[in-house]
Structure formats: C-alpha cells, structure tokens
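The values are calculated or read from the model by the stated rules, or taken from the named source; none is laboratory data. Because the structure is predicted, anything quoted here is derived from the model rather than measured. Cβ placement follows ideal geometry from the backbone for every residue including glycine, while neighbour counts extend to all protein chains displayed.
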Amino acid sequence: MTDYTIRTRNLTIDFESVRAVDHLTLDIPTGIVFGFLGPNGAGKTTTIRLLLGILDATEGDAEVLGYDLRTQSAAIRERTGSLLEYHGLYERLSAEDNLEFFGRICRIPSDKRKERIKELLSHLGLWERRKDRVKTWSRGMKQKLAVARALFAHPSLVFLDEPTAGFDPESAASLRQDLADLVSRENVTVFLTTHNLVEAEKLCSLVGVIRKGKLVALGHPDELRSSVGSIQVKIVGGGFSDNLVSYLRSDPTVQSVIRQDGRLELQLNPRARTAPLVRFLVEQGAEIEEVRKGISTLEDAYMALMEEGEE
C-alpha cells in the first residue's frame, strides 16, 4: 500500500475575481521529489502557501504528513522545511551562525546543532567558508545555505520554490546534484516548483503541470513525454525528393518534416510506427544511411500542454 505525504481533494482558493487554485486533487507518495510545473501566475506558489496553512482554502480539503490542513496547520509547519521566493538569510552573520540561530529556534540541543551544521555544510561544499559573512557569498552559495536551513531540523517534507531561478547553468547543475544527494540521504519528500524542465526531468519521479490554477497533467516524466509529446526521427541519406516530402507531410501520423543537408527530421505522433515510413522511402528510391529515433523531451510535452490551453 502506497504511503502518501500530501493528499488534496478539490483544493481551491479565490482572490476577489481570480481563482488562483482550482479544485486541485493530488496524491504525492512519500520519499520522492515531486515537480510542480507551470507558467508564472499558474498557482504554484499559492499551492505551497495553501499546503503550509499560510493561506486558507476557499473550499476543498488536504492532508499533509497525515495532518488535516484546516485544523492542524501548525503541526504541518513544525514538521516541514521550506525555501520560498526569498532565502531569508541573515547576511551579516556567518553561514555557521545562521544555522546555529535556526537550530536554537527549533530547540535542537547544542551537540546536535554542531553535528548537523558540519554535516550539511560539508555535503554542500560550504564547510571551509562557514565563518564568512553570508553577504560576501555568491547567489548560488546563499541558495545552498538556504537549502541546508530548510533541511536542518530533519523535516519529513521540504517545499522548494524555484531554488535555481536566475542561476547560470553550472551553478544550477551543482545545486541540483547537491539536492539530489541530500534527498537520497535524508529520505525526505520534496515538493519542487521550477521553470527548469531539465531540472524536473532529472530530479523528479512524479510531475504535475498546472495552468490557470488547474492541474492539466500528472505522471512520471516518461509518461508525460509519451502521452502528449512526439517521436523524433532523423533520417540521413539522399534522394529525398519534393514528392516524398509532400507525401510525408500528408501522412496523418507525421506532425512535421524538415529537409536539410541530406537528412530528414520528422516529428511523429506518439503511437506512430517508424518502420513503414522508412520502408516507403526506400521503395520510392531514397537512399537511407542512418535512422535515429528518440522520444520528445519533457519540455516538448510541457509546451504541448500550454498550447492546448490557448486553443
């Protein structure tokens, strides 16, 4: 039987004339990284604030860590860590003092605080800089420290809202790897919002896509790719005449055809078969040297979902 950290049923919140979250129903298993994707204003951050009990739902119900959201929100906040839009660090203090102060607030004993500070800062590559004032640090280092603070009290659940927003690719990859290592070692459930679809694809075993407050897709990244994405086929060779290209474009299983420099690039429907198309090309005199097939990316699936909403 699956154990769930978060369960929502028709969770909804209205702000004046705007419905920010619209009947959200989710089951998030324990011990995974859940990715919550959507454009700006889709309702991602509002959902986190609802699940923390910072905002009151207009209707619907939820359980977080087994606690009722409406009556036990204080217990939920005591057992979760969070990193929202602003890191909230004390920049005049050192990294070590930031975590020491947080540990005192959480009433963690002195020996445990020192042990935890060294453990987290070491794993995040910050231990040698622990005495530096945080204001002298780069944005990436500050964000790593904020992640350490979110994990400091051994929470069962951590909310991370755009943790790599504005990072250069190297810094984002570094924090992503550190986060993956920490999640694995800490056995914590992570609720992650991100615009970085590569990040979601690498970190998340379950992804939800929200648009205008409504959940429009939910599944493993592979499931989303196969359900709303396409198959990419690159064919290298020659003899790709105008008639052949026109025929391919008229095939209902073919979404698009690009002919360039002795190759064809095809986008096929998810259930399309490649072999009959290749056989037809050969029968019509095309010379096939190489066929490469790949599944569309999570970004392709995401963009397809967003385009559906504009129709």
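Observations
- Positions within segment 255-271 being in contact with a strand residue (DSSP E or B) (Cβ under 6 Å, 6 or more places away or on another chain) and either among the aromatic types (Phe, Trp, Tyr) or surrounded by 14 or more Cβ atoms within 10 Å (Cβ to Cβ) (or both), in sequence order: 255, 257, 263, 264, 265, 266, 267, 268
- Restricting the search to strands (runs of 3 or more DSSP E) fully inside segment 1-78 and requiring at least 2 residues that are more than 26 Å from residue 195 (Cβ to Cβ) gives 4-15, 59-64.
- Segment 27-36 - residue that is hydrophobic (A, V, I, L, M, F, W, C) and either exposed (fewer than 15 other Cβ atoms within 10 Å of the Cβ) or modelled with pLDDT of 95 or more (or both) and, of those, farthest from residue 179 (Cα to Cα): 28
- Among strands (runs of 3 or more DSSP E) entirely within segment 236-301, having at least 3 residues that are outside the structural domain of residue 204 (by TED's automatic domain parsing), among the β-branched types (Val, Ile, Thr) and within 37 Å of the chain's Cα centre (by Cα) singles out 254-260.
- So residue 131, is it modelled with pLDDT of 95 or more and under 12 Å from residue 99 (Cβ atoms): no
- Some residue of segment 168-182 being closer than 26 Å to residue 12 by Cα, touching a residue at least 40 places away in the same chain (Cβ under 8 Å) and either surrounded by fewer than 17 Cβ atoms within 10 Å (Cβ to Cβ) or not assigned by TED's automatic domain parsing to the domain that holds residue 21 (or both): no
- Test: residue in segment 159-167 that is part of a helix (DSSP H, G or I) and within 29 Å of residue 223 (Cβ to Cβ): no
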